[in-house]
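A.B. asks: Encoded as structure tokens, here's the structure I'll be asking about.
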Amino acid sequence: MRGAETWPAEGRRHPPRSAPTYWVLAPLSAWLREEARDASRSLGRYRLLDVGCGAKPYYPFFEPYAGEYVGVDPVHPDAELVGTAEDLPVPDGSFDVVLCNQVLEHCADPARAVRELRRVTAPGGRVLASTHGVMVYHPNPVDLWRWTHAGLQTLFERNGSWAELTVTPCAGTGSCVTTVLAMYVHLSAKRTGLTSLGGGVIRALNRLGPLIDGRSALLREPNPGTLFLNYHVRAGVAPA
Ligand SMILES: C[S@@+](CC[C@H](N)C(=O)[O-])C[C@H]1O[C@@H](n2cnc3c(N)ncnc32)[C@H](O)[C@@H]1O
């Protein structure tokens, strides 16, 4: 494996402020960096399965703590194993930490995928999943679902027995609206060749979103009328 310091997909781990998806990627990175350390405190050196791994952008966060890091993906060349989340090619209870980041929206059968995530997690282990609330259509190779915090909670509750389950909404209503605007600014700037002007506008939008959310808990916490870009799910399995 390449060294963690030269690992690709740096833009997912440390997105620039001019990235239209800054408020998806920055909170996701911060969360996974903290979860990597937390898992090591609870589990010692752990075995990790990265489901729908793509280029394994978060490998450098986990590499100091993971004795084993295995990626599974239906098509990506960086995966060690070929397979889908709905049909994982690994034995029951064989991994302590199971990642599934920005994948559930691409799964034909997300309920079956959650049952598989639970099946392959060892006693005392945990699933760390993330998926979108609001996002533009982005087939990879398909794009089928969006979630609410309540919908994700229900999906996990109905498809696994968990000792602990938390669903955390990320980036509030203001950041959600400014991110959607930023995406269309990004697209228009690309089409017209005005990328540096677009970058400036996106940076300003990315600053504005949290300023709006900071003004009202009604906007940044899940209430009727709110929007969220992304959700982080931590689902822990009881020890043996
Ligand atoms: C948006 S990328 C996310 C990649 C990586 N997890 C990350 O956080 O950057 C979605 C990945 O899910 C994979 N994928 C699509 N359908 C899948 C399925 N049913 N099961 C597992 N992975 C799937 C795609 O091949 C792609 O690598």
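A.B. asks: Regarding Glu80, is this residue surrounded by fewer than 21 Cβ atoms within 10 Å (Cβ to Cβ) and out of contact with any Leu (no Cβ under 6 Å at 6 or more places or on another chain)?
C.D. replies: It is true that Glu80 is surrounded by fewer than 21 Cβ atoms within 10 Å (Cβ to Cβ) and out of contact with any Leu (no Cβ under 6 Å at 6 or more places or on another chain).
A.B. asks: Taking the conditions exactly as written (under 15 Å from the mean Cα position of the chain (by Cα), among the charged types (D, E, K, R) and open to solvent by 40 Å² or more (accessible area, probe 1.4 Å)), does Arg146 satisfy them or not?
C.D. replies: Yes, satisfied.
A.B. asks: A follow-up question, please. Do we find that Asp96 is modelled with pLDDT of 95 or more, more than 10 Å from the ligand (Cβ to nearest atom) and open to solvent by 20 Å² or more (accessible area, probe 1.4 Å) in this structure?
C.D. replies: The answer is yes for Asp96.
A.B. asks: With respect to Leu219, is the statement that it is assigned to a loop (DSSP other than H, G, I, E, B) and farther than 30 Å from Ala163 by Cβ true?
C.D. replies: no
A.B. asks: Kindly list the number of the only condition in (1) over 23 Å from Asn159 (Cα atoms); (2) in contact with a strand residue (DSSP E or B) (Cβ under 8 Å, 6 or more places away or on another chain); (3) within 16 Å of the ligand (Cβ to nearest atom) that fails for Ala19.
C.D. replies: Here Ala19 meets the rest and fails (2).
A.B. asks: Can you name the residue in segment 104-132 that is basic (Lys, Arg) and touching a Gly at 6+ places or on another chain (Cβ under 9 Å) and, of all such residues, is nearest to Glu86 (Cα to Cα)?
C.D. replies: The selected residue is Arg115.
A.B. asks: Being among the β-branched types (Val, Ile, Thr) and part of a loop (DSSP other than H, G, I, E, B) is the filter; apply it to segment 122-143 and report the residue that is surrounded by the fewest Cβ atoms within 10 Å (Cβ to Cβ).
C.D. replies: Step by step, filter segment 122-143, then rank; the result is Val142.
A.B. asks: Keeping to segment 168-179, report how many residues are under 27 Å from Glu35 (Cβ atoms) and more than 18 Å from the chain's Cα centre (by Cα).
C.D. replies: Going through segment 168-179 one residue at a time, the tally reaches 3.
A.B. asks: Give the residues of segment 33-67 that are closer than 19 Å to Val114 by Cβ and more than 9 Å from the ligand (Cβ to nearest atom), sorted by residue number.
C.D. replies: Across segment 33-67, the qualifying residues are Glu35, Leu48, Leu49.
A.B. asks: Another question, then. Just give me the residues in segment 144-170 being within 16 Å of the ligand (Cβ to nearest atom) and not in a helix (DSSP H, G or I), in sequence order.
C.D. replies: Scanning segment 144-170 gives Leu144, Trp145, Arg146, Trp147, Asn159, Cys170.
A.B. asks: If I go through segment 68-83 residue by residue, how many of them are without any contact (Cβ under 8 Å) to a residue 12 or more places away in the chain and either more than 9 Å from the ligand (Cβ to nearest atom) or in contact with a Phe, Trp or Tyr (Cβ under 7 Å, 6 or more places away or on another chain) (or both)?
C.D. replies: 4
The values are calculated or read from the model by the stated rules, or taken from the named source; none is laboratory data. Only a predicted model underlies this, so the values are computations on that prediction, with no experimental measurement involved. All Cβ positions, glycine included, derive from the backbone under ideal geometry; neighbour counts span all protein chains shown. Just so you know, the surface numbers come from the protein's heavy atoms only, side chains and all, with ligands and any DNA or RNA stripped out. Shrake-Rupley method; radii C 1.70, N 1.55, O 1.52, S 1.80 Å.
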